[in-house]
Amino acid sequence: MTHTKKHPPGFWLVSIIQMFERFSYYGMRGLLMLFLTTEALKGGLGLDKATAATIYANFTMFVYFAPLLGGYVADKFLGKRNTFFLGSIFIFLGMFGLFIAKTKMMVYLALILITLGNGFWKPNITSIVGDFYDDDDPRKDGAYSIFYTFINIGAFIAPLVCGTLAEKTFAVTNGTEVISYGYKYGFLAAGIGMLIGSLIYLVSYKKLLGEVGKFGYSRSVHKEAAATSEVIEKRPLTPQEKKRVAAIFILSLFVIIFWAGFEQAGSSLTLYTNEYINRNVGGFEIPTSWFQSINPFLCIVLGPTFAWWFLQLSKRPKGDIPTPTKMGYGLILLGLGFGLMVCAALQRGNSPDPSIKASVIWLIGAYVLHTVGEMFLSPVGLSMVSKLAPKQISALMMGAWLFATGFGNYIAGKSAAYVETWGGLQVFGFVTAVSVGAGIILCLISPWVQKLMVVEE
């Protein structure tokens, strides 16, 4: 493939349908914790916070564990794009299941469908982005940053649309008191988003994708002849390939720490915002779910900027900032963001009185720092896995990377219960210390990790 200035048309198709899938997921996720903890008479499940935190933690964890299965199915059987399309069907059915759910069992079954769908979707759609470019193509980092921006367009719109439907449009009120919430309509909107993305794919993929993603690597005809592919599939990993796999594993450990803090946006930060942050602006109470649009909005603004900046850095004689160092910076910024939440907790103290609230400025500042940290870590991490993963296990390694993210999501989900028992000051302070410490360690060992990441010519 030649290194032309423009990205291929198929890349834009993949980015657009990913935007709709993320609208679906984040629209649902922004309401899930609130739905689980709201009493049944008000349109929720009425679970205590500890139980809800466990369900949320397990769901968000398995959403990222499932890509191991999705990567394997794509590599060995269905091919990447057939697998992710099947995933879109499961996701839609799961969202519709939440809309019609009348019992806890129906909710659990719907979450299982969404989990399986995400497992089939995530590693394959992400891996296909890398398939459009050669490993040494300087556009690759920029492509993943643009791809990440499309993810965040969907994630930005989702809480505003689904949250408004659930907390405003279909909420039944008596004066200022909410009698019941319309969470199911938020879930329906999330399902419709996935359906739209699937239809766009169906009418466009033949023209725009060609052979890209049609097969898993073991049957690939995209870059090599089938016979060559079979030989590569069966041969053992070279010593350098093993080192690259080791580098992915080492960085995955730090990724767990990052997402354990970052993904508290949907768990502990959501509950803390709902109860202890002053959300009134000019007499209007901002829906709790809307605050989850701050991060993706900032990503939309910063994504192209970081893509341009990283490309300019790569043109320097000494090259770009090493990937492990970038990720270390991301962890440090995440920790500083939680430092602002420590300030919020100090402002209101540990009083159980819900009328004592902290300023929303601390929360917004935390999201800003978290977002800058995310731009240092997440898109460059995806690009790194695409470059380093041995071809015969490319989708599987992408799934393993997302598997590490799942561990972080589980820890983040469980943290909601600890905010209830320990208090915000202790939880946010602990996350601050661990994140900053891990970031400093990663920056220090960056030269050693960089040596493991060498790609053979």
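General observations
- In the set (1) out of contact with any His (no Cβ under 8 Å at 6 or more places or on another chain); (2) under 21 Å from V301 (Cβ atoms), the condition left unmet by L111 is number (2).
- Taking the numbered list (1) within 25 Å of the chain's Cα centre (by Cα); (2) closer than 17 Å to M384 by Cβ in turn, G261 passes all entries but (2).
- The stretch 5-39 - residue that is of a type in the set (A, V, I, L, M, F, W, C), in contact (Cβ under 8 Å) with a residue 60 or more places away in the chain and closer than 16 Å to G97 by Cα and, of those, surrounded by the fewest Cβ atoms within 10 Å (Cβ to Cβ): F35
- Residues of the stretch 183-226 that are at pLDDT below 85 and either more than 26 Å from G10 (Cα to Cα) or among the β-branched types (V, I, T) (or both): V212, V221.
- Scanning the stretch 387-416 for residues that are of a type in the set (S, T, Y) and modelled with pLDDT of 80 or more gives T405, Y410, S415.
- Hits in the stretch 281-322 - residues which are surrounded by fewer than 18 Cβ atoms within 10 Å (Cβ to Cβ), in a helix (DSSP H, G or I) and small (G, A, S): S314
- Of all residues in the stretch 427-436, at least one satisfies being farther than 30 Å from T37 by Cα, in contact (Cβ under 8 Å) with a residue 60 or more places away in the chain and in contact with a Gly (Cβ under 8 Å, 6 or more places away or on another chain).
- Checked against (1) of a type in the set (S, T, N, Q); (2) closer than 25 Å to F62 by Cβ; (3) surrounded by fewer than 24 Cβ atoms within 10 Å (Cβ to Cβ), T164 passes all but a single condition, namely (2).
- Qualifying positions in the stretch 257-278 - modelled with pLDDT of 90 or more and either surrounded by fewer than 16 Cβ atoms within 10 Å (Cβ to Cβ) or over 17 Å from F428 (Cα atoms) (or both): N278
- Residues in the stretch 233-280 that are among the small types (G, A, S) and not in a helix (DSSP H, G or I): S267 alone.
The values are calculated or read from the model by the stated rules, or taken from the named source; none is laboratory data. Note that the coordinates shown come from a computational prediction; the quantities given were computed from them, not determined experimentally. Every residue, glycine among them, receives a Cβ derived from its backbone with ideal geometry; neighbour counts consider all protein chains shown.
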